[in-house]
Amino acid sequence: RFIVVFLPTNIIKMVTPCDVPVGVITGDDVTKLLQHAKDNGYAIPAFNCTSSSTCNSVLEAAAKYNSPVIIQASNGGAQFTVGKSIKDKNACAVGSVAMAMHVRTVAPFYGVPVILHSDHCAKKLLPWFDGMLEADEAYFAQYGEPLFSSHMLDLSEEPDEENIAIC
């Protein structure tokens, strides 16, 4: 099997797949996959998903092209996942965790590596971030790896001193 890579010039490049498992990957497997992409000159597409249906569509396309993929949870997308009418302060964290659990459950059936990522968490969204980290810890305690592959804490709008203090 090969990874099909579509380059901007409409040239298709076939790349030998990286030796990482299928389904959601974490830790060294993420590093290995990203290095493989860099070494072979291809990008791994990333998609912000808002429901199990959008996750499944992304996974189906990745499987069709035998491509690794990044599925991202955003704060707004997570609100949509849990339901726009839910006004609980933890709703976005719950939506992200629900999406992550869905992806973890179905991703192995699609036969491609998946990076499960949270996208751009600003300071005002730290409760969402904290909820996902709590879920990572609980998942790790049970399964020996975090629920998500990675998280993006984006404090670029904050002064350097505050940015460093928060981290």
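The values are calculated or read from the model by the stated rules, or taken from the named source; none is laboratory data. Given the structure is predicted, the values throughout are model-derived calculations rather than measurements. Every residue, glycine among them, receives a Cβ derived from its backbone with ideal geometry; neighbour counts consider all protein chains shown. SASA here: full protein model, heavy atoms, side chains in, ligands and nucleic acids out. Shrake-Rupley method; radii C 1.70, N 1.55, O 1.52, S 1.80 Å.
Observations on the structure shown:
- The set of residues in the range 5-20 that are modelled with pLDDT of 55 or more, surrounded by 11 or more Cβ atoms within 10 Å (Cβ to Cβ) and in a loop (DSSP other than H, G, I, E, B) comprises P17, C18, V20.
- Any hit, the range 23-35, residues being over 21 Å from D136 (Cβ atoms) and either in a helix (DSSP H, G or I) or at pLDDT 90 or above (or both): yes
- Test result for D160, charged (D, E, K, R) and within 16 Å of A73 (Cα to Cα): no
- Residue list for the range 63-96, filter: farther than 16 Å from P108 by Cβ, small (G, A, S) and open to solvent by 30 Å² or more (accessible area, probe 1.4 Å): G76, S85
- Here E60 meets each of (1) open to solvent by less than 90 Å² (accessible area, probe 1.4 Å); (2) modelled with pLDDT of 95 or more with one exception, condition (1).
- Filter result (assigned to a helix (DSSP H, G or I), free of Cβ contacts under 8 Å to residues at least 40 places away in the same chain and of a type in the set (V, I, T)) within the range 61-99: T81, V82, V94
- Looking across F129, F148, F140, one residue alone is outside any helix (DSSP H, G or I), of a type in the set (F, W, Y) and either within 23 Å of L34 (Cβ to Cβ) or open to solvent by less than 30 Å² (accessible area, probe 1.4 Å) (or both). It is F148.
This table checks each residue for (1) polar (S, T, N, Q); (2) in contact with a helix residue (DSSP H, G or I) (Cβ under 7 Å, 6 or more places away or on another chain); (3) modelled with pLDDT of 95 or more; (4) within 22 Å of N66 (Cα to Cα).
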{"position": "I115", "(1), (2), (3), (4)": "no, yes, yes, yes"}
{"position": "D119", "(1), (2), (3), (4)": "no, no, no, no"}
{"position": "A122", "(1), (2), (3), (4)": "no, no, no, no"}
{"position": "L125", "(1), (2), (3), (4)": "no, yes, no, no"}
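- Residue identified as part of a strand (DSSP E or B) and over 30 Å from P159 (Cβ atoms) among V58, V114, V103: V114
- Number of positions in the range 35-57 that are in contact (Cβ under 8 Å) with a residue 60 or more places away in the chain and exposed (fewer than 15 other Cβ atoms within 10 Å of the Cβ): 1
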